[in-house]
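Student: I have a structure here, written as structure tokens, and I will follow up with some questions on it.
The values are calculated or read from the model by the stated rules, or taken from the named source; none is laboratory data. Values in this document were obtained by computation on a predicted structure and should not be read as measured data. Methodologically, a virtual Cβ is constructed for each residue, glycine included, from the backbone with ideal geometry; neighbour enumeration extends over all protein chains shown. For the accessible areas, the whole protein counts, side chains as well, though only heavy atoms, and no ligand, DNA or RNA atoms are used. Shrake-Rupley method; radii C 1.70, N 1.55, O 1.52, S 1.80 Å.
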Amino acid sequence: MTGLQNPPCHKLREMFLIIHNPLSNNKKSKKTTNKMVKFFKRNQIKFKVRSTLKIENLLTFLDSNKAITDILYLGGDGSINYLINSVDVSKITQKIYLAKSGSGNDFLRSLKQKGTANVTISVAETNQKTVRFINGCGLGIDAAVCYYVNNDAKKNRLSYFKNVFKAVLTYDRAAVEVDVDGVTYKYKNAYLAAIQNGKYFGGGMKVTPNADIEDDYYHVCVAHNLNKALLQMLLPTIYPGFHVYIKKRIAMLKGKDIQVRISDTKNFQADGEVLENVDVIKVKREFSREFIAFNKRRIKKELKERKNG
């Protein structure tokens, strides 16, 4: 599929670069990419298609393809995380549209509610490595689930719940300290310390219902003072966001300067991508960048307005 391009269209000057990750959605993303190619051909929109595996440096590629005015990036949370960590997206002058083509699409859930958003890109400094994230990061059972899912040969909804159950059975609680804008909070027997820019994680769990991908505040969810039985009872309440009312077990914090320390090294996840043996996180805002949730009707309307304008 790499290199496909529809016949020249002289009615519109726009050219889209469609970037897809052939490894996303357990290597089933080809179907989504083919649908997008058909849409662009049907509407006579000029485009190029490239795999993430074929673009060594996106900024260099764009510099040598100056006809490209817009980018459509296909993928799930992991693919978007790869984008923001592989290139400084603040230097990309083209519009960036995002469409789901992966097994995890929690960031897109928040973006679709806004349509267009000036999104905060953040940096998480850990004792292992410094990484960027766009949706959220955390130490705890969420990272344990991500670790098991990422190493599972079958990535689907059933395997996700299987790995949640596996993580519940195997995860060892730890003491957690969270610094929020200089104030320290201490928790015993903690299962989770999630630092969120977006509302969702874990395939649609509304872990931080009041989070906003555009503001400078992080929302932190700490699940503590729990045992395995209570944790299993708590998990279903996270999907609608009702867990925030269980104040003896759930702490909800908000601030701009966040640090987390855990008493024992654990797996850490940033947008579902895992680092092992982490015990310290320091989170800060790096910059903001506009992203647009891809919508076919909106694209046709925008291109028509550009043509007539």
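Student: Is one or more of the residues making up region 238-247 hydrophobic (A, V, I, L, M, F, W, C), modelled with pLDDT of 95 or more, open to solvent by 70 Å² or more (accessible area, probe 1.4 Å) and within 26 Å of the chain's Cα centre (by Cα)?
Tutor: Yes: region 238-247 contains one or more residues that are hydrophobic (A, V, I, L, M, F, W, C), modelled with pLDDT of 95 or more, open to solvent by 70 Å² or more (accessible area, probe 1.4 Å) and within 26 Å of the chain's Cα centre (by Cα).
Student: When region 234-284 is examined, which residues are found to be of a type in the set (G, A, S) and over 24 Å from T120 (Cβ atoms)?
Tutor: S263
Student: Quick check on region 83-109: of everything there that is assigned to a loop (DSSP other than H, G, I, E, B) and open to solvent by 60 Å² or more (accessible area, probe 1.4 Å), which residue is modelled with the highest pLDDT?
Tutor: So, considering only residues that are assigned to a loop (DSSP other than H, G, I, E, B) and open to solvent by 60 Å² or more (accessible area, probe 1.4 Å), the one modelled with the highest pLDDT is T93.
Residues checked against (1) at pLDDT 95 or above; (2) within 23 Å of S86 (Cβ to Cβ):
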{"residue": "P7", "(1), (2)": "no, no"}
{"residue": "K11", "(1), (2)": "no, no"}
{"residue": "L17", "(1), (2)": "yes, yes"}
{"residue": "S24", "(1), (2)": "no, yes"}
{"residue": "S29", "(1), (2)": "no, yes"}
{"residue": "M36", "(1), (2)": "no, yes"}
{"residue": "N43", "(1), (2)": "no, no"}
{"residue": "L62", "(1), (2)": "yes, yes"}
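Student: Among the residues of region 62-71, how many are within 15 Å of K95 (Cα to Cα) and open to solvent by 20 Å² or more (accessible area, probe 1.4 Å)? Working first, answer last.
Tutor: Pass one, region 62-71, residues within 15 Å of K95 (Cα to Cα): 62-63, 65-71.
Adding the requirement that they be open to solvent by 20 Å² or more (accessible area, probe 1.4 Å) leaves 63, 65-67, 69.
Qualifying residue count for the region: 5.
Student: Further question: Among the residues of region 173-210 satisfying the criterion of being among the hydrophobic types (A, V, I, L, M, F, W, C) and surrounded by fewer than 16 Cβ atoms within 10 Å (Cβ to Cβ), which is farthest from F161 (Cα to Cα)?
Tutor: Only one residue tops the list, namely V183.
Student: Still on this structure, I have one more. Consider I299 carefully, then state whether it is within 18 Å of A190 (Cβ to Cβ), crowded, with 19+ Cβ neighbours inside 10 Å and of a type in the set (V, I, T).
Tutor: Taking the combined requirement at face value, the residue does not satisfy it.
Student: Continuing with this model, one more query. L235 - would you say it is of a type outside the set (D, E, K, R) and assigned to a helix (DSSP H, G or I)?
Tutor: Here the answer is yes, as L235 does meet what is asked.
Student: Collect the residues in region 38-56 that are assigned to a strand (DSSP E or B) and not hydrophobic (A, V, I, L, M, F, W, C), keeping them in residue-number order.
Tutor: Residues satisfying the conditions are K46, K48, R50, S51.
Student: Oh, and also: Take the residues in region 45-60 that are farther than 20 Å from E302 by Cβ and open to solvent by less than 40 Å² (accessible area, probe 1.4 Å); name whichever of them is modelled with the lowest pLDDT. Reasoning before the result, please.
Tutor: Going residue by residue through region 45-60, those that are farther than 20 Å from E302 by Cβ are 49-60.
Filter again for open to solvent by less than 40 Å² (accessible area, probe 1.4 Å), leaving 49, 51-52, 55, 58.
On the way: V49: 96, S51: 93, T52: 90, I55: 93, L58: 96.
Per the stated criteria, the residue is T52.
Student: Related question: Considering only residues that are touching a residue at least 60 places away in the same chain (Cβ under 8 Å), touching a helix residue (DSSP H, G or I) at 6+ places or on another chain (Cβ under 8 Å) and under 14 Å from Q269 (Cβ atoms), which ones fall in region 150-175? Quick ask: steps written out before the conclusion?
Tutor: The first filter runs over region 150-175 and keeps only residues touching a residue at least 60 places away in the same chain (Cβ under 8 Å), leaving 150, 154-156, 164, 168, 172, 174-175.
Filter again for touching a helix residue (DSSP H, G or I) at 6+ places or on another chain (Cβ under 8 Å), leaving 154-156, 164, 168.
Selection gives V164 alone.
Student: Within region 263-286, how many residues are assigned to a strand (DSSP E or B), open to solvent by less than 30 Å² (accessible area, probe 1.4 Å) and closer than 23 Å to S79 by Cα?
Tutor: 6
Student: Something else about it: Would it be correct to say that T126 is surrounded by 15 or more Cβ atoms within 10 Å (Cβ to Cβ), closer than 18 Å to L83 by Cβ and among the polar types (S, T, N, Q)?
Tutor: Criteria not met by T126.
Student: Let me spell it out: the conditions are (1) over 23 Å from Y73 (Cβ atoms); (2) in a helix (DSSP H, G or I), and A251 meets all of them except one. Which number is the exception?
Tutor: Single failed check for A251: (2).
Student: If you go through region 144-157 one residue at a time, do you hit one that is crowded, with 20+ Cβ neighbours inside 10 Å and under 24 Å from V87 (Cα atoms)?
Tutor: Yes - at least one qualifying residue is present in region 144-157.
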